[in-house]
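Engineer: Dropping a structure here in structure tokens format, bear with me for questions.
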Amino acid sequence: MNGFIRDQYWGQSLISYTVMQMLEPATREACLDVLRRVSAMAGSADYLLIAPAETFHLSLYAIAPVRSDFDKDAWWQIHGEQALAVFRRWCAAQPATLLRFRELRVTQTAVVAVAEPQEVVWSLRRVLRAEVPQPPGGTPNYDMIHMTLARYAQPEKLPADFAARVMTLPLDLKVRLFEPTLMRETAYPLLGGKPVETHALRAPEPIMQENVT
């Protein structure tokens, strides 16, 4: 056995409330190019679970996580307005930012792209954890910024050296964090859902250059 498993939540009707950034068309195409190389190393695209390109997104913070077993809609009825107020305030204060994904990692259930650390993401996570009541079981305390590219459809058929080979692939994905959405997800992973609110971040500050004489 290679240690990989199929994600038990794939395709299930599950509710979550998550802050995410949907990917722009050019970024989706860049992800698809990476996935073609990952599929080649898997031996077949049929061995992987890949969501429709239009659903590709970067999850920034799970306010009511998909993997927690409680009534998320009931919880949202009580705490949703508070969460939205924090989300709106954060969006109003933040400039748009470019996230750079430089590394591929292979976990037990997925292939993920990992970004360089960015304070803007850490600040969102800090303020939501500090100011919104934690749901039953808490929320994932991620220590990285990552984007899931693929999960496993037939993990038993993946080559024994799949992880080692994938992690040697060069990666240079640029994702603009400019218009985050607080999404009510209804099927995992974002195979169904509807935005609650979307807000544009401020334009980035211009880079000042000294006059050269």
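Engineer: With every protein chain present, what accessible area does His146 have (1.4 Å probe, heavy atoms only), rounded to the nearest 10 Å²?
Structural biologist: That residue has around 40 Å² of solvent-accessible surface.
Engineer: Only Lys, Arg, Asp and Glu count, each charged at its Cβ (+1, +1, -1, -1), so figure out the dipole size of the range 49-173 about its Cα centre, rounded to 20 debye.
Structural biologist: Roughly 140 debye for the range 49-173.
Engineer: Rounded to the nearest 20 Debye, what is the dipole magnitude of the chain about its Cα centre when Lys and Arg each give +1 and Asp and Glu each give -1 at the C-beta?
Structural biologist: I would put it at about 140 debye.
Engineer: Of all the stretches in the chain, which is the longest one without any exposed loop site, taking trypsin sites (Lys or Arg not before Pro) in a DSSP loop (any state but H, G, I, E, B) with at most 14 other Cβ atoms within 10 Å?
Structural biologist: The longest uninterrupted stretch comes out as 68-213.
Engineer: Shifting gears a bit: Using a Gaussian network model on the chain with a 10 Å cutoff between Cα atoms, which of Ala96, Ala64, Ala160 fluctuates the most?
Structural biologist: For the chain, modelled as a Gaussian network with Cα springs under 10 Å, the answer is Ala160.
Engineer: Next question, about the same structure. Over the chain, what relative contact order in percent results from Cα pairs under 8 Å that are six or more residues apart?
Structural biologist: Reported as a whole number, the value is 37 percent.
Engineer: Which whole number of Å³ per residue matches the convex hull of the alpha-carbon atoms in the chain?
Structural biologist: Hull volume over Cα atoms, normalised by residue count, gives 138 Å³.
Engineer: Turning to a different aspect of this structure: Excluding ligands and nucleic acids, what accessible area in Å² is computed for Tyr47 using a 1.4 Å probe, to the nearest 10?
Structural biologist: Answer for Tyr47: close to 50 Å² accessible.
Engineer: How much of the DSSP beta bridge set in the chain is antiparallel, as a percent to the nearest 5?
Structural biologist: That works out to approximately 95 percent antiparallel.
The values are calculated or read from the model by the stated rules, or taken from the named source; none is laboratory data. None of these values were measured; they are calculated from a predicted model. Every residue, glycine as well, gets a Cβ built from its backbone with ideal geometry; the counts of neighbours run over all protein chains shown. Accessible surface areas use protein heavy atoms only, side chains included; no ligands, DNA or RNA. Shrake-Rupley method; radii C 1.70, N 1.55, O 1.52, S 1.80 Å.
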